[in-house]
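These notes concern the structure reproduced below.
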Amino acid sequence: LARAAAMAAPAGTAGTGPAPSSGVRAWVRSAFRFATDRNDFRRNLLVNLGLFAAGVWVARNLTDIDLMAPQP
């Protein structure tokens with residue numbers, strides 16, 4: 001059993017901790033899990049908050065309408 005485990009591990013990584021790319025791999029795995037999660041409430045809440053924030057940013061920065069200007 002120990003021989004099979006030694007053969008499965010890449011050279012130089014046995015007992016030395018996670019590989020340097022494991023952080024990226026974990027991030028991609030969690031992003032994929034979040035995108036395919038069946039818990040729609042959490043995903044929809046974050047998506048809706050992001051869309052709301054994007055809409056507020058557009059309304060504040062990309063419009064030349066001054067709502068506080070006196071009306072003619």
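Each value in this text was obtained by applying a stated rule to the coordinates, not by laboratory testing. Keep in mind that this is a model prediction, so the values were computed, not measured. When we count neighbours, we look across all protein chains shown, and the Cβ atoms used for this are built from the backbone with ideal geometry, even at glycine.
Just add up the charged neighbours of residue 37: K/R +1, D/E -1, any other residue whose Cβ is under 15 Å from the Cβ of residue 37. Each step should come with its number before you reach the end.
Working: positive: 29, 33, 38, 42, 43; negative: 40.
For residues surrounding residue 37, the net value is +4.
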Values of log10 I(q)/I(0), in the order q = 0.16, 0.21, 0.29 Å⁻¹, for the stretch 20-72 under a Debye, Cα-only, solvent-free model:
-0.69, -0.85, -1.03
Pair residue 25, residue 41: separation of 7 Å Cα→Cβ label points (nm):
3.4
